[in-house]
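Trainee: Dropping the structure in here first, questions after.
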Amino acid sequence: MALRSIGVFCRVQTRLWSHWVFRCPHLHGISERMSDAISFPKGDWPVIEPGWVWLCGAGPGDPGLLTLHALNALRQADVVIYDALVQDKILDWAPQAELIYAGKRGGRPSAKQRDISLRLVDLAREGKRVLRLKGGDPFVFGRGGEEAQTLVQHGVPIRIIPGISAGIGGLAYAGIPVTHRDVNQSVTFVTGHDQSGATPSSLNWAAIAQGSQVLVIYMGMKHAGQISDKLIDAGRDPQEPCAVVSSATTDNQRVLETTLSRMEADIADHGMEPPSILCIGRSD
Ligand code: SAH
């Protein structure tokens with residue numbers, strides 16, 4: 001087990017080149033200088049029409065992981081309604097827009113999903129160019145599907161812009177390939193809690209345990225112990241390697257390497273905090 005902490009470049013375990021690149025201060029410097037100069041090449045970049053809502057993924061944190069469509073949307077939007085996982089640095093790309101926070105952070109009360117969806121409808125009906133910005137990919141455990149349904153039901157035109165999901169891009173920044181031809185040809189993405197906040201009882205954990213070599217668990221921190229127990233009961237090896245990646249791709253990224261049976265205790269011992277991805281199984 002090893003705890004790898006960002007910020008100390010020379011101490012970082014360099015499993016893959018992508019890991020090294022992320023931590024290289026020299027390359028960070030270049031990207032900051034480049035950001036001033038970014039302009040879109042001529043082409044048919046889509047325009048947000050008044051009264052439209054674009055449901056857009058912001059990636060796991062690092063602004064460099066935004067798509068060009070997301071950047072194009074940020075530059076045009078009248079209003080950006082964003083989640084807790086969207087980094088402030090990303091919102092800086094939309095200085096002209098009204099910013100509306102629709103997440104749970106810093107002890108502020110959580111907005112209800114239905115209210116957020118209806119707020120989007122109202123903003124569109126006011127003729128605004130609305131950008132709904134969500135961490136990662138909007139359709140991966142992001143309630144983007146619910147928002148899209150509500151908008152369509154209310155006759156609001158929408159466009160979906162996918163984003164890099166934390167369970168793929170976040171793990172990559174930690175040097176963890178989510179598949180690997182030699183050891184891992186299958187991966188399953190699972191949510192660690194359901195609407196009520198409990199470990200999802202509708203999931204067949206035994207089937208999940210047996211179904212693929214690597215399991216990537218979102219929102220799994222609170223129930224990490226229960227999840228480990230269910231997987232071990234279903235036949236996974238207690239010594240199986242696991243990683244916990246917190247605040248992936250941000251300046252606060254931390255990576256804990258542990259085993260399935262130790263995961264819960266190590267999360268507590270090392271003060272790992274959400275948002276975190278749990279990755280169970282051999283990846284290299
Ligand atoms: N739509 C998002 C997931 C939203 S669910 C996506 O595609 O990535 C919220 C969960 O995503 C968090 O509880 C955590 O498990 C994970 N997550 C999101 N961003 C993360 C990050 N930067 N680092 C680690 N985990 C992250």
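The values are calculated or read from the model by the stated rules, or taken from the named source; none is laboratory data. Model, not experiment: these values are computed from the prediction. Neighbour counts are summed over all protein chains in view; Cβ atoms, including those assigned to glycine, are modelled from backbone coordinates with ideal geometry.
Trainee: For segment 220-235, which residues satisfy the criterion of being more than 25 Å from the chain's Cα centre (by Cα) and not acidic (Asp, Glu)?
Mentor: ILE232, ALA234, GLY235 - these are the residues of segment 220-235 that are more than 25 Å from the chain's Cα centre (by Cα) and not acidic (Asp, Glu).
Trainee: Within segment 40-72, which residues are part of a strand (DSSP E or B) and within 16 Å of the ligand (Cβ to nearest atom)?
Mentor: Within segment 40-72, TRP54, LEU55, CYS56, GLY57, GLY59 meet the criteria.
Trainee: Kindly indicate whether GLY175 is within 15 Å of the ligand (Cβ to nearest atom) and not assigned by TED's automatic domain parsing to the domain that holds MET219.
Mentor: Spelling it out, it is not the case that GLY175 is within 15 Å of the ligand (Cβ to nearest atom) and not assigned by TED's automatic domain parsing to the domain that holds MET219.
Trainee: Taking LEU231 as meeting all but one of (1) crowded, with 20+ Cβ neighbours inside 10 Å; (2) within 16 Å of the ligand (Cβ to nearest atom), write down the number of the exception.
Mentor: (2)
Trainee: Six or more apart or on different chains, Cβ under 6 Å: which pairs go from a residue in segment 243-268 that's within 16 Å of VAL178 (Cα to Cα) and assigned by TED's automatic domain parsing to the domain that holds LYS222 to one that's assigned to a loop (DSSP other than H, G, I, E, B) and more than 16 Å from the ligand (Cβ to nearest atom)? Could you list them?
Mentor: So the pair list comes out as GLU257/MET1.
Trainee: Sticking with this structure for a sec: Six or more apart or on different chains, Cβ atoms under 8 Å: show the pairs whose first residue is in segment 213-226 and assigned to a strand (DSSP E or B) and whose second is within 7 Å of the ligand (Cβ to nearest atom).
Mentor: As it stands, the answer is VAL216/GLY167; VAL216/ILE277; ILE217/ILE277; TYR218/VAL140; TYR218/PHE141; TYR218/ALA166; TYR218/GLY167; TYR218/ILE277, since those pairs meet every condition given.
Trainee: For segment 253-284, which residues satisfy the criterion of being near the ligand (Cβ under 9 Å from one of its atoms) and either in a loop (DSSP other than H, G, I, E, B) or more than 17 Å from ILE227 (Cα to Cα) (or both)? Before the answer, list the steps.
Mentor: Going through segment 253-284, the residues near the ligand (Cβ under 9 Å from one of its atoms) turn out to be 253, 274-278.
Within segment 253-284, GLN253, PRO274, PRO275 meet the criteria.
Trainee: So, one more: So ILE48 fits all but one of (1) surrounded by fewer than 20 Cβ atoms within 10 Å (Cβ to Cβ); (2) closer than 27 Å to GLY170 by Cα; (3) in contact with a strand residue (DSSP E or B) (Cβ under 7 Å, 6 or more places away or on another chain); what number is the exception?
Mentor: Only one criterion is unmet by ILE48, namely (2).
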